[in-house]
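Single-structure report; data block below.
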Amino acid sequence: MGLWWAGALALVVVVAPVTVVLLNRILTAVDRIRDAADEIRTDGAALNDALEPVPTLLAKTDETIAEVQVGAVRYADSAQLLLLRSEPQSPARVED
């Protein structure tokens with residue numbers, strides 16, 4: 001019966017404090033995770049507000065690209081005509 005009491009005493013003296021320490025470490029990690037999750041939620045809400053005008057801005061970008069494309073095609077066509085009209089010049093021969 002004495003060994004039974006010794007085992008119970010060892011359980012209370014050794015295992016219980018170790019369990020409390022481990023639970024404390026877990027709760028500390030849970031608090032840090034909760035704080036990080038709160039920050040993510042706050043930043044996500046702010047990001048959502050910042051991204052609200054993006055579809056309108058993309059539509060404006062598409063319009064601008066279409067306008068620039070027309071001018072770029074006209075320029076390329078003109079440049080091609082100029083290059084085709086010009087006669088290739090033969091390099092000058094240098095005689096010794």
Can you name the helices of the chain, as whole DSSP H runs, whose Cα span along the helix axis is 20 Å or more and whose Kyte-Doolittle mean is not below -0.5? 16-51, 54-85
With point charges of +1 on the Cβ of Lys and Arg and -1 on the Cβ of Asp and Glu, referenced to the Cα centre of the chain, which listed residue (Val70, Ala50, Ala36) lies farthest in the positive direction of the dipole? Ala36
Of the listed values [x] 3.13; [y] 1.18; [z] 1.05, identify the label whose number matches Cα Rg over 2.2 N^0.38 Å calculated from this model. [x]
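No value in this document is a laboratory result; all are computed from the given coordinates. Bear in mind the structure is a predicted one, so any value in this text is a computation, not a measurement. Neighbour counts are summed over all protein chains in view; Cβ atoms, including those assigned to glycine, are modelled from backbone coordinates with ideal geometry.
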